[in-house]
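Structure, as structure tokens:
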Amino acid sequence: MSTSCWIRTSRCATTWSTFGSSDGPIAEIPDPQDHDPERAAVLACITMLLVVSFNQRIELGLPRHAPSIITDEMVTRWRSEPRKYEREPEWAEKVPPLQETLTIPHWSSSAHDFVTLDSFDSEKASGEFQKKNILV
């Protein structure tokens with residue numbers, strides 16, 4: 001990984017910290033207005049992952065505000081309520097796919113090093129990131 005990649009990752013982490021501090025709907029995460037196409041695409045993908053994660057819980061009948069420890073009564077009550085699914089912010093939907101594939105390495109415990117996937121055909125490749133032409 002090049003030095004510039006680490007710098008970009010650091011900037012993404014700073015922007016990401018503002019995402020995590022919001023209790024509101026994912027669709028209301030403000031546009032970071034990042035003019036770097038790679039960072040903007042990564043940030044858009046992160047909102048997609050948040051949507052997938054929260055919507056999986058919601059599909060099980062757990063609202064977004066559900067605490068870590070729940071009772072049967074809570075689950076029964078929540079399952080009778082209408083489900084409010086998350087969606088990605090408009091700005092994230094508008095971020096175009098990158099012209100060239102961006103490959104982001106991941107840590108391999110077996111190799112004890114950062115490695116990259118060979119293609120989007122890998123079972124480990126993220127479908128959300130593929131939409132923005134990012135291989136991770």
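In the set THR47, THR76, THR103, only one residue is surrounded by fewer than 17 Cβ atoms within 10 Å (Cβ to Cβ), among the β-branched types (Val, Ile, Thr) and closer than 25 Å to VAL136 by Cβ; that residue is THR103. Comparison of ARG83, ARG87 shows that the only residue that is within 18 Å of the chain's Cα centre (by Cα) and of a type in the set (Lys, Arg) is ARG87. Out of the range 81-136, which residues are touching a Pro at 6+ places or on another chain (Cβ under 9 Å), hydrophobic (A, V, I, L, M, F, W, C) and closer than 21 Å to GLN56 by Cβ? VAL136 - this is the single residue of the range 81-136 that is touching a Pro at 6+ places or on another chain (Cβ under 9 Å), hydrophobic (A, V, I, L, M, F, W, C) and closer than 21 Å to GLN56 by Cβ.
Taking into account only those residues within the range 36-81 that are under 30 Å from PRO96 (Cα atoms) and assigned to a loop (DSSP other than H, G, I, E, B), which is modelled with the lowest pLDDT? Full working, then the answer.
Quick first cut of the range 36-81, residues under 30 Å from PRO96 (Cα atoms) only: 36-59, 64.
Filter once more, so that each one left must be assigned to a loop (DSSP other than H, G, I, E, B): 36, 64.
Numbers: ASP36: 97, ARG64: 86.
Residue satisfying both the conditions and the ranking: ARG64.
One residue stands out in the range 82-95 among those that are assigned to a loop (DSSP other than H, G, I, E, B) and in contact (Cβ under 8 Å) with a residue 24 or more places away in the chain: the one that is nearest to ALA41 (Cα to Cα), namely VAL95. Only residues that are touching a residue at least 24 places away in the same chain (Cβ under 8 Å) and either of a type in the set (D, E, K, R) or closer than 16 Å to PRO37 by Cα (or both) were counted across the range 97-136, and they come to 15.
Do you know which of the residues in the range 119-131 that are surrounded by 11 or more Cβ atoms within 10 Å (Cβ to Cβ) and charged (D, E, K, R) is farthest from the chain's Cα centre (by Cα)? Explain how you work it out, then say what you get.
Step one: list which residues in the range 119-131 are surrounded by 11 or more Cβ atoms within 10 Å (Cβ to Cβ), which gives 120, 122, 125-126, 128-131.
Next, only the ones that are charged (D, E, K, R) stay: 128, 131.
Working: GLU128: 8, LYS131: 12 Å.
In this case the residue turns out to be LYS131.
The values are calculated or read from the model by the stated rules, or taken from the named source; none is laboratory data. Computed from a prediction, not measured in an experiment: that's the story for all the values here. Note that each Cβ is placed from the backbone with ideal geometry, even for glycine, and that neighbours are counted across all protein chains shown.
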